[in-house]
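Inspection log for the structure reproduced underneath, given as structure tokens.
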Amino acid sequence: MFPGVEAFARTATRLHPRPGTPSVSDSHVGGMLLWPRDEPWPACPGPHVVRTEIPVPPHLAALLMRPSAEVMMGLAERVPGFRGTMTTEAGTVILGTEVVSEPTASPLVAVAQLRAADVPDLRCPSGADVLQVLWCPNDHPADAPTGLPMLLKWRTASSVVDPLDVAPAPVVARDQDRLPRPCVLHPEQVTEYPWWQELPDELGRRIRDFDDTRGFGEDSYFSVSQAPGWKVGGCPSWEVSDPRPMDCPRCHRPMELLLTIDSTENRGGDAWLPVEESHLRTSHTDHTPTGVTVGRFARLRIFVCLICPDTPMRQSLQ
Ligand SMILES: [Zn+2]
Ligand SMILES: [Zn+2]
């Protein structure tokens, strides 16, 4: 339908994580990482952002049912991190946030371990054949380094001769949505195509015009050109922000899309649903096998520069 687009095809490996009992040495999500016993486990010292709920006395709750702009501004001035009010059967609360320092650093949580031998699109820096992803499952202040404090550890699997048996548990994990369930993987290589604004103007415009004619539930370039779910490589989508340059902070060359952590394995439409799971067609909850949600049911994309030493990383949430 769109002659010329084939020149921009790129492969991705869908990981298809599903709850299971992964071993320490294979590729998996959650679970235990292949980690040398004598290497310190990384930890986040904080500080962290904590959600607060301030109860409102019943005689004042009526004021907050339809608050005036003046009342809302007053709350925003007085309540740190004011994010609105909420009324339930239990009463009315004012929602805010506060920044807390932690008495002790909290061990990071294993997000994924990927072996190049299992994941065809995993390109490793020279000498490495395993990628390990860890993060802190808490919210961090906006002035902290961008994104979730995350660590990418590149290893050579054969160099770990005496692996650690059990990872230290996080001391604080206030966001259960960032504690991945142990999942085994079923890697599958697929072909993807770039976001329309990252194609030559005329071609991209033709694709955009076509998509504008598609109705709800009908396949479009948008729905079939990029796979949903956790995946390695492929093309990033930019439906929230329009394309942003993801250049290496050190050498200023464009970085590569390494890993996408998705809040769902199925983003509406069943074009990418595995045939083995066609019975899940109408279900929503069955498409969140990892239990991980990032942002507001968004995708977290991790970009890397494989040329620079230390493999610089950037994150983008869409
Ligand atoms: Zn943290
Ligand atoms: Zn670089």
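Numerical summary
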quantity	calculated
Compactness index (Cα Rg / 2.2 N^0.38 Å), segment 132-265	1.34
Tensor-based shape of segment 213-305 (alpha-carbon gyration tensor, a/c under 1.5 rounded, otherwise prolate or oblate)	prolate
Rounded to whole Hz, the Karplus (6.51, -1.76, 1.60) HN-Hα couplings of segment 247-252, x for glycine and proline	9, 5, x, 9, 9, 6
The chain shape via C-alpha gyration tensor axes, a/c threshold 1.5	oblate
Length gained when the stretch D26-V240 is fully extended (0.36 nm per residue, less Cα-Cα span)	73.6 nm
Proximal charge balance of P274 [Cβ under 12 Å; K/R count +1, D/E count -1]	-3
Separation in nanometres of the label points that stand 7 Å from Cα toward Cβ, at V190 and R253	2.9
Shape category assigned to segment 113-176 from the gyration tensor of Cα positions, a/c cut at 1.5	oblate
Portion, in percent, of the accessible area of the chain that falls on carbon or sulfur, probe 1.4 Å	55
Distance between segment 231-282 and segment 86-106 - C-alpha centres, whole angstrom	32
Gain on full stretching of the segment that runs from A142 to R296 - 0.36 nm per residue minus C-alpha separation	53.8 nm
Compactness of segment 129-210 - radius of gyration and Dmax, Cα, Å	19.9, 57
Phi to ³J(HN,Hα) by Karplus 6.51 cos²θ - 1.76 cosθ + 1.60 over segment 158-168, Hz, x for Gly, Pro	5, 7, 8, 9, 10, x, 5, 7, 9, 7, x
The chain: calculated mean residue ellipticity at 222 nm from DSSP helix runs of at least 4, using -39500 (n - 2.57)	-2500 deg cm²/dmol
Zone residues, segment 104-141, relative to T11, backbone N less than 20 Å from point 7 Å out along Cα-to-Cβ	114-131
Highest-first arrangement of 286-297, 244-255, 103-114, where packing means the average Cβ count within 10 Å	103-114, 286-297, 244-255
Charge tally in the Cβ shell below 15 Å around R174, where Lys, Arg are +1 and Asp, Glu are -1, R174 excluded	-4
Within segment 284-305: backbone nitrogen closer than 17 Å to the R123 label point (7 Å, Cα to C-beta)	302-305
Förster-model FRET efficiency, 45 Å R0, L280 and L95, C-beta, rounded to 0.05	0.85
For the chain: relative contact order, % (alpha-carbon pairs under 8 angstrom, 6 or more apart)	23
Gain upon complete extension [L273, D219; 0.36 nm per residue less C-alpha separation]	18.1 nm
Net charge, F210 excluded, C-beta distance under 12 Å - Lys, Arg +1, Asp, Glu -1	-1
For the chain, accessible area per residue (1.4 Å probe, heavy atoms of protein chains only), Å²	53
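The values are calculated or read from the model by the stated rules, or taken from the named source; none is laboratory data. Treat the numbers as computed from the prediction; the structure is a model and nothing was measured. Here the Cβ is made from the backbone with ideal geometry for all residues, glycine too, and neighbour counts use every protein chain on show. Calculation scope for accessible area: heavy atoms of the full protein, side chains included, ligands and nucleic acids excluded. Shrake-Rupley method; radii C 1.70, N 1.55, O 1.52, S 1.80 Å.
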